[in-house]
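To start, the structure under review is shown below, and the notes come after it.
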Amino acid sequence: MNAMRGASAYARVGVETGVMSASPHQLIVMLFDGAQAALRAARLHMQQGNIMEKGKSISKAIDIVNNGLAAGLDRERGGEIAERLGSLYDYVVRLLLQANLHNDEQRLDEAARLLEDIGSAWREIAVQARS
């Protein structure tokens, strides 16, 4: 049990160190990666009929989209792009709520595809920023 606790603490420190040393672009990419991981877990739980864990995973993805990605938008300086991203994030959250409510894997997949499209653009920005 102590080894598990130690491994968990080590992983947490690794994540915290990664966050503290990340650029703003890298932080956004980390949010997209976290949302995708939560959606993969939700899909597995949905397929296995594990309703409670599916709900937790979808809630985690919604939290990342609302309190990470959408909350990070600068609507003043971001102009139309920020507005469109905000609308897209709202749509993704609605898809996820419907996926959870109806055990709808197609809506889950659509949300994951949309997040992947946006996330890949951010990954590209992060790569260019390092160059």
Please give the peptides 42-50, 54-62 ranked by average Cβ packing (other Cβ atoms within 10 Å per residue), highest first, as a rough proxy for protection.
-> 54-62, 42-50
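Which whole-number percent gives the relative contact order of segment 23-130, counting Cα pairs below 8 Å spaced six or more residues apart?
Worked out over segment 23-130, it gives 33 percent.
Since every read-out is calculated from the coordinates, none of them should be taken as a lab result. What you see is a predicted model, and the numbers here were worked out from it, not measured in a lab. Glycine also receives a Cβ, built like all others from the backbone with ideal geometry; neighbour counts cover every protein chain displayed.
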